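Input: a single structure, listed below in structure tokens.
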Amino acid sequence: AETLNKLGLTYCDIGYDLRAIDYFEQSLVICEDNADLHGQAVCLQHLGNVFKMQKDTRLAVDFFERCLAVRNKIGDLRGAADCHDSLGLVYYGLARFTEATAQYED
């Protein structure tokens, strides 16, 4: 799963977003099959980032919220803070300032 994530990050860096998404999704399936919650959170965060870069805010929010739920479940406070930051940035970009502010206050 970790190798697939690294491949996804590499493809994302060179602008091959669809290929990156494919690798992140493959990694997510492996993490889910192995009940690796930390790995799932990493994959979900990466997917949210790709969709945010693609300006697909609906999917970005969906993946960041799923990631946040997993981070909270495992008690990963720093990871949860990263998810709130990502959600805040998406909402800010949509001029949904109340929702953006709420993410930073959580």
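The values are calculated or read from the model by the stated rules, or taken from the named source; none is laboratory data. In this text, all values refer to a predicted model and were calculated from it rather than measured experimentally. All Cβ positions, glycine included, derive from the backbone under ideal geometry; neighbour counts span all protein chains shown. Only protein heavy atoms, including side chains, enter the accessible area calculation; ligands, DNA and RNA are left aside. Shrake-Rupley method; radii C 1.70, N 1.55, O 1.52, S 1.80 Å.
The rows are residues; the columns are (1) under 17 Å from R66 (Cα atoms); (2) small (G, A, S); (3) in contact with a His (Cβ under 8 Å, 6 or more places away or on another chain).
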| residue | (1), (2), (3) |
| --- | --- |
| E2 | no, no, no |
| N5 | no, no, yes |
| T10 | no, no, no |
| D13 | no, no, no |
| Y16 | no, no, no |
| Q26 | yes, no, no |
| V29 | yes, no, no |
| L37 | yes, no, no |
> Just for helices (runs of 4 or more DSSP H) wholly inside region 44-105: which have at least 1 residues that are closer than 22 Å to Y23 by Cβ and within 14 Å of the chain's Cα centre (by Cα)?
Replying inline: 57-73, 77-93
> Out of all the residues in region 10-29, which are open to solvent by less than 70 Å² (accessible area, probe 1.4 Å) and not in a loop (DSSP other than H, G, I, E, B)?
Replying inline: Y11, C12, D17, A20, I21, Y23, F24, S27, L28
> In region 4-17, what count of residues is obtained for those that are farther than 18 Å from I30 by Cβ and within 15 Å of the chain's Cα centre (by Cα)?
Replying inline: 2
> Which residues, counting only those in region 48-65, are basic (K, R) and either under 16 Å from D106 (Cα atoms) or touching a residue at least 24 places away in the same chain (Cβ under 8 Å) (or both)?
Replying inline: K52
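Can you tell me which residue is most open to solvent (accessible area, probe 1.4 Å) among those in region 88-106 that are of a type in the set (S, T, Y) and within 15 Å of F64 (Cα to Cα)?
Checking each candidate, the answer is Y92.
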> Going through region 60-87 one residue at a time, which ones are open to solvent by 40 Å² or more (accessible area, probe 1.4 Å) and of a type in the set (A, V, I, L, M)?
Replying inline: A69, I74, L77, A81
